[in-house]
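Reading through the structure tokens given below for one structure.
The values are calculated or read from the model by the stated rules, or taken from the named source; none is laboratory data. Worth saying up front: this structure is predicted, and the values here are computed from it rather than measured. Note: ideal-geometry Cβ built from the backbone for every residue, glycine included; neighbour counts use all protein chains shown. Please note that ligands, DNA and RNA were not included when accessible areas were found on the heavy atoms of the full protein model with its side chains. Shrake-Rupley method; radii C 1.70, N 1.55, O 1.52, S 1.80 Å.
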Amino acid sequence: MLIKRRQFLTTCGLATLATQISPLTAQGKLSPNTIRKPPRLQMGDTIGLIAPAGIVNVKDIEAAQQSISQLGLKVKLGKHILDRYGYLAGKDADRADDLNLMFSDRSIKAIIAMRGGWGCNRILPLLNYSLIRSHPKILMGYSDITTLLLAINARSQMITFHGPVATSTWNQFTVDYFKRIIFNAEAVTMQNLNPSEVRVEIIASGKARGKLVGGNLSVVSAMVGSPYLPSWNKSILFVEEIGEDVYRVDRMLTQLKTAGILNQIAGFIFGQCTNCSLGDEPSFTLMQVLQDQILPLGIPAWYGSMIGHIKDKFTLPIGVEVEIDANVGTIRMLEAAVSLV
């Protein structure tokens, strides 16, 4: 009995120790539940440009190459970047192939989508999520690229970045946040440049902490029910939209609520609803809809952040722990989003 008792205690002790050591398994591999941070960018690195959604043209590529080179970076184009297939930048298999190849290419240090549009949802089953996880790299974009950011964060357990696409306006505001987060590995606090131009409208005051998750509202709602979404539990959800009538925004938020997503989150940010209109009369205002949908959740929330189809953009790391303050509209990163090696 004494020997068995000692064996039992030894086994328990080893089990306890195993939970305290690094997230590596006994074989020296990362645990499948460990979030991976891609290596930071450095001057002279090569950026892979892809077109996973809408069509791009030669002028788009020339402008993107100029913007990227001004950041001190080189450019490598996806093989199918100029393909056309209806309103898509090539067939699904080819667009997926370009993304998979960019992750496997050791010369590529980051991947930036040329533009959004529509089409990323179609290639999700064709992506090699194990390959992506084993070759962590910065992946960035917004709008329809939300699909890839969320799916790869969820399936490959990797930090992804909601930020400018290659054809965005790379002005001082946008570049500053991009460099501090992507190059310098800083844990920054994001705050609106000019509150008089982009005013914070408080829905519910307070502070909250959680993993930052989100993107384009239409895209997020279109992914509901799929196996490509990350956990919403105690997350900070950010959304943005363009060109939608208020009733459609209401409909999409209602979908997130009835799907059980909104009642899981710890905080909510609506960036910008660019060119959104009231639609046919009578109508609610957007703030009335947000009051109806978000206020009853009892969580810190606001409208009006530098997120969306606007020139001045934050770079938002999806999957990173943040603290938000709805009173002043700040997003404070609690950790770096990229690794130093």
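Values computed for the structure shown
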{"read-out": "From Ile35, Ile68, Ile50, residue being under 16 Å from Ser168 (Cα atoms), touching a Gly at 6+ places or on another chain (Cβ under 8 Å) and of a type in the set (Val, Ile, Thr)", "value": "Ile50"}
{"read-out": "Segment 304-313, residues that are surrounded by fewer than 23 Cβ atoms within 10 Å (Cβ to Cβ) and over 16 Å from Phe178 (Cβ atoms)", "value": "Gly304, His309"}
{"read-out": "Residue that is least open to solvent (accessible area, probe 1.4 Å) [pool: residues in segment 252-266 that are more than 21 Å from Thr330 (Cβ to Cβ) and among the small types (Gly, Ala, Ser)]", "value": "Gly260"}
{"read-out": "Candidate set: segment 314-332, residues that are open to solvent by 10 Å² or more (accessible area, probe 1.4 Å) and either closer than 12 Å to Gln191 by Cα or of a type in the set (A, V, I, L, M) (or both); chosen: the one nearest to the chain's Cα centre (by Cα)", "value": "Arg332"}
{"read-out": "Those residues of segment 235-248 which are touching a helix residue (DSSP H, G or I) at 6+ places or on another chain (Cβ under 7 Å) and on the phi > 0 side of the Ramachandran plot, in sequence order", "value": "none"}
{"read-out": "Hits in segment 220-236 - residues which are in contact with a Leu (Cβ under 8 Å, 6 or more places away or on another chain) and buried (at least 18 other Cβ atoms within 10 Å of the Cβ)", "value": "Val220, Ser221, Met223, Tyr228, Leu229, Pro230, Ser235, Ile236"}
{"read-out": "Subset of segment 272-291 [part of a helix (DSSP H, G or I) and open to solvent by 20 Å² or more (accessible area, probe 1.4 Å)]", "value": "Leu286, Met287, Gln288, Gln291"}
{"read-out": "Count of residues meeting criterion [under 25 Å from Ile61 (Cβ atoms), among the aliphatic types (A, V, I, L, M) and part of a helix (DSSP H, G or I)] in segment 152-180", "value": "2"}
{"read-out": "Unmet requirement for Ile132, which otherwise passes all of (1) without any contact (Cβ under 8 Å) to a residue 60 or more places away in the chain; (2) surrounded by fewer than 19 Cβ atoms within 10 Å (Cβ to Cβ)", "value": "(2)"}
{"read-out": "Criterion violated by Thr315 - all others in (1) without any contact (Cβ under 8 Å) to a residue 24 or more places away in the chain; (2) closer than 28 Å to Arg122 by Cβ satisfied", "value": "(1)"}
{"read-out": "Per-region count, segment 135-152, residues within 10 Å of the chain's Cα centre (by Cα) and either free of Cβ contacts under 8 Å to residues at least 12 places away in the same chain or open to solvent by less than 10 Å² (accessible area, probe 1.4 Å) (or both)", "value": "11"}
{"read-out": "Glu241 being of a type in the set (Asp, Glu), at pLDDT below 95 and more than 28 Å from Asn33 (Cβ to Cβ)", "value": "no"}
{"read-out": "Selection count where residues are without any contact (Cβ under 8 Å) to a residue 24 or more places away in the chain and in contact with a His (Cβ under 7 Å, 6 or more places away or on another chain), scope segment 260-312", "value": "0"}
{"read-out": "Single residue of Ile299, Ile269, Ile294 found to be assigned to a loop (DSSP other than H, G, I, E, B), within 22 Å of Arg332 (Cα to Cα), of a type in the set (A, V, I, L, M, F, W, C) and modelled with pLDDT of 95 or more", "value": "Ile299"}
{"read-out": "Residue, surrounded by the fewest Cβ atoms within 10 Å (Cβ to Cβ), within segment 27-49, restricted to residues that are modelled with pLDDT of 95 or more and among the basic types (Lys, Arg)", "value": "Arg36"}
{"read-out": "First in segment 56-85 and in contact (Cβ under 8 Å) with a residue 40 or more places away in the chain, second anywhere and open to solvent by 100 Å² or more (accessible area, probe 1.4 Å) and not hydroxyl-bearing (Ser, Thr, Tyr), Cβ under 9 Å, 6 or more apart", "value": "Ile68/Lys74; Leu71/Met43"}
{"read-out": "Selection status of Arg155, under 16 Å from the mean Cα position of the chain (by Cα), of a type in the set (Lys, Arg) and open to solvent by 20 Å² or more (accessible area, probe 1.4 Å)", "value": "yes"}
{"read-out": "Count of residues meeting criterion [open to solvent by 20 Å² or more (accessible area, probe 1.4 Å) and assigned to a loop (DSSP other than H, G, I, E, B)] in segment 186-205", "value": "12"}
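Residues checked against (1) surrounded by fewer than 16 Cβ atoms within 10 Å (Cβ to Cβ); (2) farther than 20 Å from Ile182 by Cβ:
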{"site": "Val75", "(1), (2)": "no, no"}
{"site": "Tyr85", "(1), (2)": "yes, yes"}
{"site": "Lys91", "(1), (2)": "no, yes"}
{"site": "Leu99", "(1), (2)": "no, no"}
{"site": "Ser104", "(1), (2)": "yes, yes"}
{"site": "Met114", "(1), (2)": "no, no"}
